[in-house]
Each structure stands twice: as structure tokens, then as C-alpha cells.
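Below: one structure, written as C-alpha cells.
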Amino acid sequence: MFPAFYEHHRHNQDIEIFLLGARQGVAREAQQHINAKIGRPIVVAAHSPSFGFEKNEAECEQIIDLVNRSGASVLAIGVGAPKQEKFIHKYKHRMPGVKIFLAIGATIDFEAGNVKRSPRWISEIGMEWIYRLTAEPRRLWKRYLIEDLPFVWLILKQKLNLYSEPFSRVPPVEPPCFQEVLPASGKAQ
């Protein structure tokens, strides 16, 4: 999705991206590759935070300052789930110039050329996760084989028509202003 995003905004000068994530120096490599591919500095800044940065409030403050000073209108953060989503949720209000927040996972590594993408046909059939698991089993086995099981169970339930929408059982309540007012006699006026 991220390459399609920046390709789509190739000529849109309002789109300026800040890349946040990956190992030291990798985000800058990705910045150079993307800007060379697009032909303009669409990625205006890049930063690779330290491991565990999300637990260090001072480092988070520095990152917010870097993003704000960059003038970026898009923050593309790739530090892994759920860290990236939690960072966005916690700090989005502190970055007023950023209009679009993208949680992009390993995309910074892909863009830098450090991690090879799966063949297109594997991605198209929805099995890129298997390719990634075989490429990085020590890092990804727990996430894909243990932590994702509840999600797989929900998908299976939905495919077998066993999933019931939890809010569908609640009958709609008509607001009081639309209910017919009955006089004391119990008959409508």
C-alpha cells in the first residue's frame, strides 16, 4: 500500500512524508530510494528510533519534535504492531501538521532493500505472512503462530457462518422525542 500511496502523490506537493522506524540508518536509506524513484524529495525526513523507544518518554518527545520541525504532512511509522498503532494513538494530537498517519510495518526495510518482498503471486493470494515467517522464523514465529490465533479463529467462524454480530441482538431504541405521548387515560391524542 505504501508504494502505491507515494506513487499516487508523486506530483502532489502537499504530501511530504516523515519515515519513522527500522534499524539505525535504514530509514534514511529508504528515504533516498523513495525520493530517487519519485524524482522529488517526497520523504522530507527519516529517523530510526532506538529499540524500546516507546517506553522512553524523552525519546518520544524528541521524535515528536523531529516530526513537527520537518514540516511533514504524513507520518509513516514502521516499528511493528502494535507499537506503531499505539504511538499514533498516543501522540497524534501533538503533531498538528501531520494530516495522514500510516502504520507501515516492515515497509521501511522493504523500501531500503534490506528485506526482500515475497513474490507477487504469493502476496496476491494472501500468503505473504508464510513467506515472511520462513524468512525470519526466530522473530516472527510467536506473532504469527501464537498471537494471531484469536484472529484466525474469528476469520474461521465468519467463513463457517458461526460468527454473530454482537450488536445485532440489541433492539433499536426509539428516542423519546419520537415516541407518541399518551395522556393519563392511556389513549393517543
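The values are calculated or read from the model by the stated rules, or taken from the named source; none is laboratory data. Quick caveat: nothing in here was measured; it's all calculated off a predicted structure. With ideal geometry, Cβ positions are generated from the backbone for all residues, glycine too; neighbour counts draw on all protein chains shown.
When region 35-50 is filtered for residues that are outside any loop (DSSP other than H, G, I, E, B) and more than 19 Å from the chain's Cα centre (by Cα), the ones remaining, listed by number, are ASN35, ALA36, LYS37, ILE38, VAL44.
If you take the residues in region 67-87 that are polar (S, T, N, Q) and more than 18 Å from GLU57 (Cβ to Cβ), which one is surrounded by the most Cβ atoms within 10 Å (Cβ to Cβ)?
In the first step, residues of region 67-87 are kept if they are polar (S, T, N, Q); the result is 68, 70, 73, 84.
From the residues that got through so far, the ones that are more than 18 Å from GLU57 (Cβ to Cβ) too are 70, 73.
Numbers: SER70: 20, SER73: 18.
Of everything passing the filter in region 67-87, SER70 is surrounded by the most Cβ atoms within 10 Å (Cβ to Cβ).
Limited to region 111-131, what total is found for residues that are touching a residue at least 12 places away in the same chain (Cβ under 8 Å) and under 25 Å from VAL152 (Cβ atoms)? Looking only at that region, the number is 5.
Tallying residues that are within 18 Å of PHE2 (Cα to Cα) and part of a loop (DSSP other than H, G, I, E, B) within region 20-34 yields 1. State whether one or more residues within region 2-11 are closer than 25 Å to ARG143 by Cα and either assigned to a helix (DSSP H, G or I) or in the same structural domain as ALA106 (by TED's automatic domain parsing) (or both). Yes, region 2-11 contains at least one residue that is closer than 25 Å to ARG143 by Cα and either assigned to a helix (DSSP H, G or I) or in the same structural domain as ALA106 (by TED's automatic domain parsing) (or both). For region 80-94, state whether one or more residues are in contact with a helix residue (DSSP H, G or I) (Cβ under 6 Å, 6 or more places away or on another chain) and of a type in the set (D, E, K, R). So far as region 80-94 goes, yes, one or more of its residues are in contact with a helix residue (DSSP H, G or I) (Cβ under 6 Å, 6 or more places away or on another chain) and of a type in the set (D, E, K, R). Would you confirm whether or not region 154-163 contains a residue that is modelled with pLDDT of 80 or more and aromatic (Phe, Trp, Tyr)? Scanning region 154-163 turns up no residue that is modelled with pLDDT of 80 or more and aromatic (Phe, Trp, Tyr). For region 88-109, filtering for residues that are surrounded by 16 or more Cβ atoms within 10 Å (Cβ to Cβ), free of Cβ contacts under 8 Å to residues at least 60 places away in the same chain and outside any loop (DSSP other than H, G, I, E, B) leaves 4. Residues that are within 20 Å of the chain's Cα centre (by Cα) and among the hydroxyl-bearing types (Ser, Thr, Tyr) were ranked within region 122-153; the one that is modelled with the highest pLDDT is SER123.
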